[in-house]
Amino acid sequence: MRVKIILPNFIAVLILGLGGFFYVQRDLRQKGIERLTKQMETTRALYERSEGLHGFELLNDVRTHAMTKGVVEAFAPVELKAEEGQTQAQVDKKIRAEWFKKCVRAVEVYTEIWAEKTGKRPELVFLTDRNGVIIARNITPNACPAGYNVSKVMPVMARALDGQASYGIWSIDDSPFSSKKTNPDFCALMNTGLVELAAAPVWYQDDIAGVLVIGFEISNGTAQKKAEMLGLDVAVLTGGDVYSSSLKTDTARQSLEKQLDRPEIAKRIDAAATSGKPSDVFEILVEDVPYLALITPVMSAEKKDRVVTIMMGSVDSVFADFKSISAILVLMIAMLLVVFIGGLILTHHFIRPIVTIEEGLLKVINGEYQYRFEVESSEVGGLGYRINQLIGVLTGEEEDSEE
């Protein structure tokens, strides 16, 4: 009986409470996703501006250094007189060697200046002549002899040779300068596949004498810094594949790559790369964790390389501010349990005397006319006393008037 009295009320309150909780939770989740979507769209605009500013700062630094005395004088003619017994060919060879040393020194000095200034050593620094042929570089300086014209594979080089300092993202994998090539005639510039380059012309006596170039790999560390700045996970894609990312594990990266192979996502990547416009915000799963994602093109990259950035915000992070909701659910269930247990105790207190009276009446009905009720409950004790009086009247035995 006690359960029958309490249970319906308990179930009704529980259903109403849970219904209200899940309604509020769903509403907060929807609002949180809307907030995350707006945040990602705002962050995308911030990202594009920051990338433009970063490219401008890098380009300005290269342009400034290309005008310094150490770089300009590297292109000054080397004058050596023939010593006794030397042929002109020997003198010319010595002049070329001295010129090469000046160029190497200019590259080494710039590399050290940049490393000291920013705390990061460039992956690539080199000088070319007026035709775009590499003279010296910071990695194995004599590994690229004359005859390799980088202006044919680096758009920023071609523009710099025309007198315009230029910045861009360059994929080295399709170039004869990639170390991945097996042809011994090719000249390996570096071991990476995707670099950001800045190139500035070096002017000597009002003429372009060569070009100074600096390059940085777009590595996982670069992606991590971008993620910290944006407050979102970031991955740089080239050709539809993940080149670098801020994801902390290889399994997460592999999971992302599988998602990128889905036709609807691959279509968004192609559209962003070819049109130069960002995608809409869409949902993606990385290791079964739901994310909102947005794809934005890298405007400084060549369209053929299909370089884009995907920014991802965890949907679970939406609930970071709503942890109290779960606490409310736990508190509500705890209160319901307290009410349920308290109800059992209260009903036991009220119903037990009634059960005692019921059992006593059964005894009287069965002929035990001498039986009297001794109910100590303040709530139903008076009822027991009146029943005793009734039994006394029916049996002719007068009941005491004491309450």
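Any read-out appearing in this document is the output of simple, stated calculations on the displayed coordinates, not a laboratory observation. Since we're looking at a predicted model, the values are computed, not measured. A quick note on method: Cβ atoms are made from the backbone with ideal geometry, for glycine too, and the neighbour counts reach across all protein chains shown.
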For the table Lys117/Lys304; Lys152/Lys303; Lys225/Lys248; Lys267/Lys303; Lys93/Lys152; Lys226/Lys277, the rows whose alpha-carbon distance is greater than 23 Å are Lys117/Lys304; Lys93/Lys152
Report the convex hull volume per residue for the range 230-293, counting only C-alpha atoms, in Å³.
92
At 7 Å along the Cα-to-beta-carbon direction for both Gln370 and Arg49, put a label point, then send me their distance in nm to one decimal.
10.1
Set the Förster radius R0 to 60 Å, insert the Cβ-Cβ distance between Glu359 and Lys38 as r into 1/(1 + (r/R0)^6), and round the FRET efficiency to 0.05.
0.30
